[in-house]
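Novice: Below you will find the structure I want to go over with you.
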Amino acid sequence: MQSSTVRTLLVRGMIAGVVAGLLAFALAYVVGEPSIDSSIALEESASAPAHEHGDAAAVPADEGEEEELVTRPVQSTFGLATGVLVYGVALGGIASLAFAVCLGRVGRLRPRATAALVAGAAFTTVYLVPFLKYPATPPAVGNPDTIGKRTTLFFLMIVLSVLVAVIAVIAGRRLAPTLGNWNATVAAGGGYVLVMAVACLLLPANTDAVKETFPAALLWEFRLASLGVQALLWTAFGLIFGALAERVLRPAATAAAPSTSEAVTAGPAARTG
């Protein structure tokens with residue numbers, strides 16, 4: 001594939017990431033932010049009695065509470081939109097490069113099908129599998145002192161999942177001539193599932209347990225919203241980028257169709273002349 005084509009696909013992937021990010025932001029704002037607001041309200045109500053019965057008089061007024069650098073309305077609108085859009089653009093660019101590598105190497109699939117396959121694989125390896133081990137939690141659940149540890153474990157799971165997936169794809173391609181495409185794909189997929197299952201058992205668990213007093217329904221509402229936002233992001237990206245990539249990679253076939261029909265029409269005319 002020419003470098004100019006790869007560059008064009010990269011730009012198309014970033015554009016698709018922006019559009020998919022806008023859709024994901026809309027869903028996150030509608031279904032995700034209410035659960036976050038409820039979690040923050042629970043945290044504030046739980047900490048209020050401690051301030052009421054504590055030595056509030058002994059604490060100076062200017063030290064009693066920290067000034068909030070970014071207000072909650074800004075976090076739930078501009079902050080959320082910025083984060084989701086940057087995330088969508090970055091992953092859109094990376095996924096478009098992965099698409100350029102996979103095109104023509106994972107079977108005789110059209111660009112749309114290849115884009116859908118790449119998006120589905122990215123959603124599974126980058127989010128779904130790590131989510132099963134370290135599910136998302138709203139702000140009021142975890143201890144703020146353990147954020148660094150939880151983030152490190154989550155990203156370690158992402159790196160491991162992507163690495164094992166790449167090895168599985170390489171192994172599947174090498175087994176294909178011997179086992180056939182279907183059997184090689186099943187074997188590679190089974191190997192990925194087995195390795196990641198072992199990794200889930202060996203990696204340390206999240207010791208920052210959910211408080212027993214935290215509502216289970218609210219916790220699952222937040223986690224389902226997080227899962228739904230990621231699913232929408234990657235589904236939208238796969239569909240949008242597949243359509244854009246199809247237009248980039250198949251202009252010659254579209255342009256060749258009229259010339260072919262003209263040649264067929266001109267053939268009899270030439271013979272009759």
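Novice: Taking every pair of Cα atoms in the stretch 87-241, average 1/r, invert it to obtain the Kirkwood radius, and report Rg/Rh to two decimals.
Specialist: Details: Rg = 17.6 Å, Rh = 17.2 Å.
In the stretch 87-241, Rg relative to Rh is 1.02.
Novice: Going from most exposed to least, what order do E221, E33 have by accessible area with a 1.4 Å probe? Numbers along the way, then the final one.
Specialist: On the way: E221 90, E33 15 Å².
Order by accessible area, largest first: E221, E33.
Novice: If N is the number of residues in the stretch 89-172, what value comes out of its Cα radius of gyration divided by 2.2 N^0.38 Å?
Specialist: Working: Rg = 15.6 Å, N = 84, 2.2 N^0.38 = 11.8 Å.
Its radius of gyration relative to the 2.2 N^0.38 Å reference: 1.32.
The values are calculated or read from the model by the stated rules, or taken from the named source; none is laboratory data. Just so it is clear, the model here is predicted, and its values are computed rather than measured. Remember, those area values only see protein heavy atoms, side chains included, never the ligands or the DNA or RNA. Shrake-Rupley method; radii C 1.70, N 1.55, O 1.52, S 1.80 Å.
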